[in-house]
Structure formats: C-alpha cells, structure tokens
Amino acid sequence: MGSVTKVVIDSNVFISAFGWDGKPEAVLRLVEQGRLINYTTEAIFDELMRVVAYPKLKFPQSLQIKILEFVFFWSRFVRREENIAVVTDDPKDDMFIECAISAGANFIISGDPHLLALGSYRNVKIVSPAEFLEIR
C-alpha cells in the first residue's frame with residue numbers, strides 16, 4: 001500500500017489513545033509512520049484543548065500538553081470551506097465533517113455515536129478506530 005490516507009481524527013480518539021491505549025493508539029501509530037495524514041481545524045484544536053483539561057479525565061498537565069503537541073505536530077491545519085449541518089443530535093460534531101470535506105479526507109475516525117450513526121457523508125466514511133483498522 002503506497003498511498004497515504006487522509007483522515008480527520010476526532011478528539012475522543014486522541015483522548016482514548018493517550019489515556020487507555022488500544023485501537024485508538026494503533027491509529028495514532030499509523031499517523032506517526034506517515035501512513036495517515038490527519039487534518040484538523042482551529043475549532044477542532046480549540047475543542048481538544050478544552051477536552052483534555054476536563055476534571056473527570058484527571059489528566060496531569062504534562063499529559064494534556066503531550067496530547068496537544070502530538071496533534072499540533074502530526075496534523076495539517078485547514079480552513080473550513082463551508083458550513084455543514086447534518087448532525088442534528090449534536091451540531092458541534094459538524095466541525096469534523098466540515099474539516100474532512102475541506103481537506104478532501106477519506107475518513108473521519110471517531111468514537112462519537114452521533115457521527116458514527118451517519119456512516120458516511122458525501123465521499124467521507126465515518127468509522128470507529130476498530131473499523132478503520134479492519135478496513136485499512
């Protein structure tokens with residue numbers, strides 16, 4: 001497999017990868033190996049900054065910084081090219097679809113049930129980390 005796959009990785013996948021390993025961590029290893037290119041936007045990065053600091057996660061500040069540095073270093077930032085409103089149960093999740101469309105990504109990798117319920121949008125497949133690893 002010589003081509004690189006363009007993806008948008010949801011914040012919850014980064015949280016799971018750094019907090020609990022497993023399939024989400026395997027996805028991030030593909031990013032580090034250069035087999036995936038992750039795309040993000042300023043809005044997604046801002047959300048991640050909020051999420052890593054949630055008290056319920058109990059992530060020490062050093063881990064919060066490590067997660068943000070990873071995403072900043074291993075992601076390409078794009079600007080949202082259009083407003084999309086398809087996730088009716090949780091409209092803030094539309095930002096991941098907007099990013100994927102703007103980047104020309106092939107996949108959104110997420111653990112969010114609202115996104116996963118869509119299955120796909122336009123030519124972007126929306127899959128869990130486990131599903132992505134199976135079809136990859």
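Observations on the structure shown:
- Remark: spin-label model distance Lys56-Ala26 equals 2.7 nm, labels positioned 7 Å along the Cα→Cβ axis.
- A simple spin-label model places pseudo-atoms 7 Å from Cα toward Cβ; at Lys92 and Phe72 they are separated by 2.1 nm.
- Lysines whose Cα lies under 21 Å from that of Lys125, excluding same-chain neighbours fewer than 8 positions away: Lys6, Lys23, Lys92
- Helical runs assigned H by DSSP (4 residues or longer) give the chain a calculated mean residue ellipticity at 222 nm of -14000 deg cm²/dmol, each run adding -39500 (n - 2.57) before division by the residue total.
- Over the Cα atoms of segment 5-135, the radius of gyration divided by the Kirkwood radius equals 0.93; this is the Rg/Rh ratio.
- Leu63-Ala117 pseudo-label distance in nm [points 7 Å out on the Cα-to-Cβ vector]: 3.0 nm
- Counted by Cβ distance under 12 Å from Ser11, the other residues give a net charge of -3, where Lys and Arg count +1 and Asp and Glu count -1.
A short reminder: the numbers here are calculations on the coordinates, not readings from a lab. Predicted model, so just to flag it, every value in this text is computed and none were measured. Cβ coordinates were reconstructed from backbone atoms using ideal geometry, including for glycine residues, and neighbour counts include every protein chain displayed.
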